[in-house]
Amino acid sequence: MKVVYKPNKGLAILELLFYIIIANGLVFILTKFIDAYIETRVIITLVIAFSIYCIYYILLDRSLKYILTDEAIEINGLWGFKKNIIKFNEIDGYLIQDGNIHGFRLSGFGRLNYCFGRCVVEKVGISHMFVTASKQIMYIHTEEMSYGISPKDIRSIEEVFISKGIEIKEFEVKKNKNVDLFKQKTFFIPFIIVSLVVIVMTLNPFVLYLMNKLPGVMPLAFNSNFTPILYGTGKQFAFKQMTYGALNMVVLFCMYYAAYFCARYDRRSAYKYIYISLILTLSFFIIQLQILGYYI
């Protein structure tokens, strides 16, 4: 037996397209009014990353399907590149909820009426969501992870579950008591990279200043064409760059605590927050290297 179920149609794709248009539209407008090289480059980098993020979930929504076989239910997305196979003998219960999603999101993208990513769901626990519309959501619970799906013919899948002795159940939301993020390479490696880059970005101009490697006059601000519009001393340049380093350190700590909160519920998705800091820090560092390479 192999039966393919299509998901309910929702507004996820339209909303994601709307977010992309708004974000890129705002960048276009801001670049017309903000004539500053560093600020515009950082904003553009973040919007590009955000747009790619949205496009990923648009493609996931567009390609999503649920496949029922004799032994398992498969959640298939991105035309087979993303698969989650849930064997029936691993399922210890299921739950069907109507209306808005009752919980909060840890990672991914979504609102009350659609969700992709990981959520903490009331009466279910940690759930990997593949929900295109919240008209009816089926939560499939296993010992390691729950899965949220939104097939059109949800009753047909429920009949198969009943025939296999799988019952409707409610589960408690469990929290991890011991959260040690640094044992995960997916968190530890980018955290170390960001920390090292922040340290180098902060100290590098100051060390160059102490070694008299900076020119007596250095640019402090640039227009969008990378033309200096404000000059100052080497000391002023060094302290301004150190301020950018301190700013990125603050962002790093914020992302660490966001990841820590997420890890209390799901360690596997906590690492994603650190990549926000990684993208931002690398953007500032590349710009600093560009300035130093041009004027030293």
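The values are calculated or read from the model by the stated rules, or taken from the named source; none is laboratory data. From a predicted model like this one, the values you see are computed outputs, not experimental measurements. Every residue, glycine among them, receives a Cβ derived from its backbone with ideal geometry; neighbour counts consider all protein chains shown. With ligands, DNA and RNA removed, areas are computed over all heavy atoms of the protein, side chains included. Shrake-Rupley method; radii C 1.70, N 1.55, O 1.52, S 1.80 Å.
Quick rundown of the values:
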{"quantity": "Residues within region 176-221 that are open to solvent by 100 Å² or more (accessible area, probe 1.4 Å) and over 21 Å from the mean Cα position of the chain (by Cα), tallied", "calculated": "7"}
{"quantity": "One residue from 67, 85, 58, 44 being closer than 21 Å to residue 158 by Cα, open to solvent by less than 80 Å² (accessible area, probe 1.4 Å) and at pLDDT 90 or above", "calculated": "67"}
{"quantity": "Positions within region 120-162 being surrounded by 19 or more Cβ atoms within 10 Å (Cβ to Cβ) and assigned to a loop (DSSP other than H, G, I, E, B), in sequence order", "calculated": "124, 132, 134, 150"}
{"quantity": "Matching residues, region 64-83, being more than 22 Å from residue 166 (Cβ to Cβ) and in a strand (DSSP E or B)", "calculated": "77, 82"}
{"quantity": "Qualifying residue in region 13-30 (condition: of a type outside the set (Lys, Arg) and in contact with a Lys or Arg (Cβ under 9 Å, 6 or more places away or on another chain))", "calculated": "yes"}
{"quantity": "Odd one out for residue 225, checked against (1) surrounded by 14 or more Cβ atoms within 10 Å (Cβ to Cβ); (2) on the phi < 0 side of the Ramachandran plot; (3) touching a residue at least 24 places away in the same chain (Cβ under 8 Å)", "calculated": "(1)"}
{"quantity": "Output for region 2-22, where each listed residue is part of a loop (DSSP other than H, G, I, E, B) and either farther than 24 Å from residue 112 by Cβ or of a type in the set (D, E, K, R) (or both)", "calculated": "6, 9"}
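Yes/no matrix, rows are residues, columns are (1) closer than 23 Å to residue 280 by Cα; (2) surrounded by fewer than 20 Cβ atoms within 10 Å (Cβ to Cβ); (3) modelled with pLDDT under 90:
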position: 231; (1), (2), (3): no, yes, no
position: 240; (1), (2), (3): yes, yes, no
position: 244; (1), (2), (3): yes, no, no
position: 251; (1), (2), (3): yes, yes, no
position: 255; (1), (2), (3): yes, no, no
position: 262; (1), (2), (3): yes, no, yes
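Every residue, every condition in (1) of a type in the set (Lys, Arg); (2) in a helix (DSSP H, G or I); (3) farther than 30 Å from residue 168 by Cα; (4) in the same structural domain as residue 146 (by the TED database), yes or no:
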{"position": "24", "(1), (2), (3), (4)": "no, yes, yes, yes"}
{"position": "27", "(1), (2), (3), (4)": "no, yes, yes, yes"}
{"position": "46", "(1), (2), (3), (4)": "no, yes, yes, yes"}
{"position": "54", "(1), (2), (3), (4)": "no, yes, yes, yes"}
{"position": "57", "(1), (2), (3), (4)": "no, yes, no, yes"}
{"position": "62", "(1), (2), (3), (4)": "yes, yes, no, yes"}
{"position": "85", "(1), (2), (3), (4)": "no, no, no, yes"}
{"position": "95", "(1), (2), (3), (4)": "no, no, no, yes"}
{"position": "106", "(1), (2), (3), (4)": "no, no, no, yes"}
